[in-house]
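Take a look at the structure below.
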Amino acid sequence: MVSAYIDSAITEYWRAIGLAYPDAYVARYATDIFLRKATVEYLGSARYDDLLAVCCRVARLGRSSLTFAFEIYREEPPATEPLVAAELVYVNAAAATMKAAPLPEDLRERVLRYERVVPAQ
């Protein structure tokens, strides 16, 4: 179930930086990103009908990878500690060869403009 919240958050992140994934990303850069690693820590429990806030950011921009960090909180009453912490690492690969390829500079610039906290590099 947590994966549905994370998938939705990533979709909204792509929209927020002006790249509808997958269509705009793949067409624009002739590359695609593939999930390489996922970790999830369950730190607390949500209850039926809880309103949840899903926080998503790019925590690291590597040469050919980007790492998304997530936290899920209970909205009402406001939680001060996350219920879930997750990290997803994606690798950028050339569409034709499926080999790792550098992240497009345009993507890096979009992420850096959007993020309030500068991702590690």
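Criterion applied to A85, A9, A16 was being of a type outside the set (V, I, T) and under 14 Å from V111 (Cβ atoms), and the one residue passing it is A16. Residues in the stretch 45-74 that are outside any loop (DSSP other than H, G, I, E, B), over 30 Å from D106 (Cβ atoms) and charged (D, E, K, R): R74 only. Looking across the stretch 27-76, the residues that are of a type in the set (S, T, Y) and closer than 30 Å to T97 by Cβ come down to Y29, T31, T39, S64, S65, T67. Residues in the stretch 75-119 that are at pLDDT 95 or above and in a strand (DSSP E or B): V84, A85, A86, E87, L88, V89, Y90, V91, N92, A93, A100.
Applying the criterion of being of a type outside the set (V, I, T) and touching a residue at least 60 places away in the same chain (Cβ under 8 Å) to the residues of the stretch 69-93, the residue that is surrounded by the fewest Cβ atoms within 10 Å (Cβ to Cβ) is A93.
Quick check: anything in the stretch 37-44 over 22 Å from M1 (Cα atoms), modelled with pLDDT of 95 or more and not in a strand (DSSP E or B)? No, the conditions are met nowhere in the stretch 37-44.
Taking first residues from the stretch 4-32 that are among the hydrophobic types (A, V, I, L, M, F, W, C) and partners that are in a helix (DSSP H, G or I) and surrounded by 15 or more Cβ atoms within 10 Å (Cβ to Cβ), the Cβ contacts under 6 Å between residues at least 6 apart in sequence or on separate chains come to I17/R110; L19/Y25.
Here K37 meets each of (1) buried (at least 17 other Cβ atoms within 10 Å of the Cβ); (2) within 14 Å of the chain's Cα centre (by Cα) with one exception, condition (1). Within the stretch 38-63, residues that are under 22 Å from Y90 (Cβ atoms) sit with their Cβ atoms under 6 Å from residues that are exposed (fewer than 12 other Cβ atoms within 10 Å of the Cβ), at 6+ positions apart or across chains, in these pairs: R60/A120; L61/Q121.
The values are calculated or read from the model by the stated rules, or taken from the named source; none is laboratory data. Small disclaimer: the values here were computed from a predicted structure and weren't measured. Note that we place each Cβ from the backbone using ideal geometry, even for glycine, and neighbour counts take in every protein chain shown.
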